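**Q** Here you go, one structure.
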Amino acid sequence: MLEATGLMVFYENMLALNNVSLQCGDNEIVGVFGANSAGKSTLMYTLSGIMEDIRKKEDMAGGERITVLGRIRYLGEDITNLKPSSRARKGIVLCPERRRIFSESTVMENLRIGAYLATPAQTRETLDYVFKVFPALQTLRKRIGGFLSGGEQQMLAIARALMAQPRLLLLDEPLMGLSPLIQAMLVRATSEIRREKSISIIVTEQYARPVLPIVDYAFILENGAAVLEGGREELLSNPDVRSAYFGV
Amino acid sequence: MGTEQEQRRKERLDRGIKVRSDGLYALMSWRELSYLTVPRMVLIVGFLILPLIMPSMYWERVISIVCIYALLAISFDFMAHFLGLVSLGGAFFIGVGGYISAVLNHSLGLPPLVSIAVSTIVGALICTLVLLPCLPLRGVYFAIVTLMYPLFLARLIEALNILGGTDGIMGLDSFPGRWIEQYFMILMVLGFLFGMRRLVNTDLGLVLRAVKDNDQAVRASGMSITFYKAIAVFIASAMGCLGGACLVHIYMWAGISLFALDFSILPIAATVIGGSGTLVGPLLGCLILVPISELLRAFGTLRIVFYSLILVGFIVLRSEGLMVYGQRKYHQFERWVRV
């Protein structure tokens with residue numbers, strides 16, 4: 001479905017992504033694991049095209065020069081130079097790190113903004129679906145986004161991304177700063193979404209253990225380079241990986 | 001897929017001499033010393049010989065006006081980029097400083113240099129006091145309040161017919177001589193410029209920059225942001241009041257045109273063009289904009305059209321500002337490298 005080859009991202013002279021290649025098949029959940037500053041968010045920004053936007057703004061303001069190299073193919077089409085908005089139209093939707101919900105809008109408004117690309121029928125349908133997956137949101141519909149708890153905000157962020165009718169959902173650290181209980185709930189919801197909506201999901205996380213049960217294939221990033229990849233069992237049997245990312 | 005075309009990127013590196021001269025102890029050669037001092041000396045010496053090479057009385061006056069706008073622009077840049085307060089109050093500072101100096105000179109008969117000094121301090125105190133209520137706030141409130149005060153004061157003077165009313169206060173003393181006038185202005189601008197550059201790197205400057213970044217964190221560290229903002233506003237408004245006080249003595253007249261919006265807008269434009277956050281940039285912007293606006297007088301009302309076009313062009317094409325661009329070119333070089 002998505003195939004990125006030789007991605008390299010420079011922030012000025014700092015190499016943030018070093019020759020990363022990554023594939024994500026249809027209806028697959030791909031995990032990307034790595035420590036802080038390993039390049040997870042950079043990867044997500046590059047795949048979703050936000051990096052193009054950041055690059056342009058930095059350029060205008062005379063800030064850092066960002067260089068992006070490599071190719072991204074999506075559904076047999078080269079999308080390397082597409083704007084983030086066109087990528088979203090094609091179904092690549094990013095659910096950004098730290099949620100980035102519209103904190104002064106209500107939950108319902110957040111979802112409606114997310115549904116900008118959807119037809120009214122899709123909106124109604126997805127709204128019902130979102131409230132089925134995250135029943136908590138239903139009761140919070142009128143609440144202002146900024147007043148939600150961390151877990152609720154994360155549910156809202158995922159729900160908002162779903163409203164945009166993704167075919168490939170990019171979840172950037174969806175479990176950050178949440179309690180184990182909420183984490184487990186979100187992981188269950190993610191796997192449900194994949195099954196019922198039959199979409200592909202790429203999820204990044206620092207700590208692999210909570211996400212691992214639902215991941216089909218995983219990549220491990222270290223200092224910007226993909227040092228290891230493989231299926232779930234394959235990674236679990238690697239002793240280095242076990243101690244570093246799975247805590248077992 | 002897999003097309004192995006040569007991949008290149010443009011690399012930006014600090015010049016060796018910059019890296020060497022960054023540390024104070026590394027200043028070993030004249031080359032390194034001059035690398036640091038030449039840009040500063042060009043500015044200082046250039047400014048000092050400016051009055052000597054001006055062709056006419058008219059352009060000599062322009063220098064003084066440039067200096068007044070430069071004071072305002074530096075004060076705007078300081079508040080906007082080191083304190084996080086967007087001030088539209090150039091006219092307010094000019095007006096307060098100007099009227100105080102005019103009254104001191106006209107009613108009490110103080111000589112210009114004394115009345116300028118007194119009105120700078122007193123004016124800055126007054127400005128700080130009346131702006132105090134909106135200092136604890138973030139957001140647009142400071143901008144709105146500073147925009148409203150000059151309008152308010154101008155109408156007040158007009159309606160109550162105080163301080164000369166619409167005619168203004170006429171017959172003020174001028175500077176003792178044109179050389180004193182110009183060099184006084186130039187030394188003030190240079191002094192404030194380098195003083196402010198020093199100030200923003202002291203502990204006080206550090207706190208102010210922290211206030212801009214996150215005022216809650218500063219509060220949590222046990223500091224009163226209102227107190228620190230008040231100090232900074234005092235300094236910034238002192239610069240504005242100084243400009244205003246000099247202005248009335250240059251024109252030997254104080255009127256409600258001291259509260260004109262030009263004094264608020266032009267410094268902002270100069271900051272944008274010169275490069276915000278550099279403190280030198282605004283000065284450079286004034287050196288460009290004020291003479292241009294004088295040259296464009298020939299076009300009458302079309303002046304504003306050209307002026308706006310220049311501004312928009314700058315924002316679209318070089319939104320970083322001249323000084324930021326120049327500093328980068330001076331300190332860094334670029335080359336293509338293969339990846």
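Since every read-out is calculated from the coordinates, none of them should be taken as a lab result. Everything numeric in this text was worked out from a predicted model, so none of it was measured. Please note: Cβ atoms are built from the backbone with ideal geometry, for glycine as well, and neighbour counts cover all protein chains shown.
**Q** Considering amide H positions built from the backbone, and no H for Pro or chain starts, which residues 5 or more places from A:Leu15, or on another chain, come under 5 Å of its amide H?
**A** Amide H neighbours of A:Leu15: none.
**Q** Give me the dipole magnitude in Debye, nearest 20, for segment B:120-265 about the Cα centre, with unit charges on the beta carbon: positive for Lys and Arg, negative for Asp and Glu.
**A** 500 debye
**Q** Still on this model: Where the only charges are on Cβ atoms (+1 Lys, Arg; -1 Asp, Glu), what is the dipole of the protein assembly as shown about its Cα centre, to the nearest 20 debye?
**A** 260 debye
**Q** I've got another one for you. Report, to two decimal places, the Cα Rg of chain A normalised by 2.2 N^0.38 Å (N = number of residues).
**A** After normalising by residue count via 2.2 N^0.38 Å, the value is 0.98.
**Q** With the Cα gyration tensor of segment A:81-156 giving a ≥ b ≥ c as the square roots of its eigenvalues, does the rule (a/c under 1.5 for rounded; else a/b larger than b/c for prolate; else oblate) give rounded, prolate or oblate?
**A** Oblate shape, in that a/c is at least 1.5 and b/c is the bigger or equal ratio.
**Q** Can you spot the lysines whose alpha carbon is less than 21 Å from B:Lys10's alpha carbon? Ignore those fewer than 8 places along the same chain.
**A** A:Lys56, A:Lys57, B:Lys18, B:Lys329
**Q** Kindly give the semi-axes, whole Å and largest first, of the ellipsoid equivalent to segment B:295-339, taking each as the square root of 5 times a Cα gyration tensor eigenvalue.
**A** Three semi-axes, in Å: 35, 11, 7.
**Q** Let me ask another. Ratio to report: Rg/Rh of segment A:103-217, with Cα atoms as the point set and Rh obtained by the Kirkwood method; give two decimals.
**A** Reported Rg/Rh (Cα atoms, Kirkwood Rh): 0.94.
**Q** When B:Glu334, A:Glu3, A:Glu205 are ordered from fewest to most other Cβ atoms inside 10 Å of their Cβ, what list results?
**A** Ranked by crowding around the Cβ, least crowded first: B:Glu334, A:Glu3, A:Glu205.
**Q** Rounded to the nearest 5, what is the percent of antiparallel bridges among the DSSP beta bridges in the protein assembly as shown?
**A** 65 percent
**Q** For B:Asp14, B:Asp203, A:Asp216, what's the fewest-to-most ordering of other Cβ within 10 Å of each Cβ? Can you show the working numbers first?
**A** Values: B:Asp14 13, B:Asp203 7, A:Asp216 16.
The order, fewest Cβ neighbours first, is B:Asp203, B:Asp14, A:Asp216.
**Q** Go ahead and estimate [θ] at 222 nm for chain A from helices alone: -39,500 (n - 2.57) per DSSP H run with n ≥ 4, summed, over the residue count, rounded to 500.
**A** Value at 222 nm, helices only, nearest 500: -10500 deg cm²/dmol.
**Q** I would also like to ask the following. Based only on the alpha carbon positions, what is the Kirkwood hydrodynamic radius of segment B:38-140, in angstrom?
**A** Taking every pair of different Cα atoms in segment B:38-140, averaging 1/r and inverting gives 16.1 Å.
**Q** Hey, another quick one. Among B:Val207, B:Val248, B:Val130, which one shows the highest mean-square fluctuation when chain B is modelled as a Gaussian network with alpha-carbon springs under 10 Å?
**A** Maximum fluctuation in the GNM of chain B, among the listed residues, is at B:Val130.
**Q** Can you put B:Ile116, B:Ile68 in order, fewest other beta carbons within 10 Å first?
**A** Arranged by neighbour count, lowest to highest, B:Ile116, B:Ile68 become B:Ile116, B:Ile68.
**Q** Would the protein assembly as shown count as rounded, prolate or oblate if I go by the C-alpha gyration tensor, calling it rounded below 1.5 in a/c and otherwise prolate when a/b exceeds b/c, oblate otherwise?
**A** prolate
**Q** When chain A is treated as a GNM, springs tying every alpha-carbon pair under 10 Å, which of A:Ala189, A:Ala35, A:Ala61 comes out with the largest mean-square fluctuation?
**A** Highest fluctuation of the listed residues: A:Ala61.
**Q** Counting only helical runs of four or more DSSP H residues, what would the 222 nm mean residue ellipticity of chain B come to if each run contributes -39,500 (n - 2.57) and the total is spread over all its residues?
**A** The helix contribution divided over chain B gives -23000 deg cm²/dmol.
**Q** Per residue of segment B:156-168, in order, report the coupling 6.51 cos²θ - 1.76 cosθ + 1.60 (Karplus, θ = phi - 60°) as ³J(HN,Hα) in whole Hz, putting x for Gly and Pro.
**A** With the stated coefficients, segment B:156-168 comes to 4, 5, 5, 6, 8, 6, 9, 6, x, x, 6, 6, x Hz.
**Q** Under the rule a/c < 1.5 gives rounded, and otherwise a/b versus b/c splits prolate from oblate, where does segment B:11-53 land using the Cα gyration tensor? Before the final figure, lay out each step's value.
**A** Values: a/c = 4.05, a/b = 2.08, b/c = 1.95.
Verdict is prolate for segment B:11-53.
**Q** Volume per residue, Å³, of the convex hull around the alpha-carbon atoms of chain B?
**A** 204 Å³
**Q** Tally Lys and Arg at +1 and Asp and Glu at -1 over the other residues with C-beta under 13 Å from the C-beta of A:Arg194: what net charge comes out?
**A** Spelling it out: positives minus negatives among the neighbours equals -1.
**Q** Another one. Within segment A:25-113, which GluC sites (Glu not before Pro) sit in a loop by DSSP and count at most 11 neighbouring Cβ atoms inside 10 Å?
**A** Within segment A:25-113, the qualifying GluC sites (Glu not before Pro) (loop, at most 11 other Cβ atoms within 10 Å) are A:Glu104.
**Q** Over all directions, what mean area does the Cα convex hull of segment B:81-210 project, stated in square nanometres?
**A** The Cα convex hull of segment B:81-210, projected and averaged over all directions, gives 9.2 nm².
**Q** Let me ask another. For segment B:147-286, report the % of Cα-Cα distances exceeding 25 Å.
**A** 43 percent
**Q** From the phi angles alone, apply the Karplus equation (6.51, -1.76, 1.60; θ = phi - 60°) to segment B:245-252 and give each ³J(HN,Hα) in whole Hz, x where the residue is Gly or Pro.
**A** Taking θ as phi minus 60°, the curve returns 4, 5, 4, 5, 7, 5, 8, 6 Hz for segment B:245-252.
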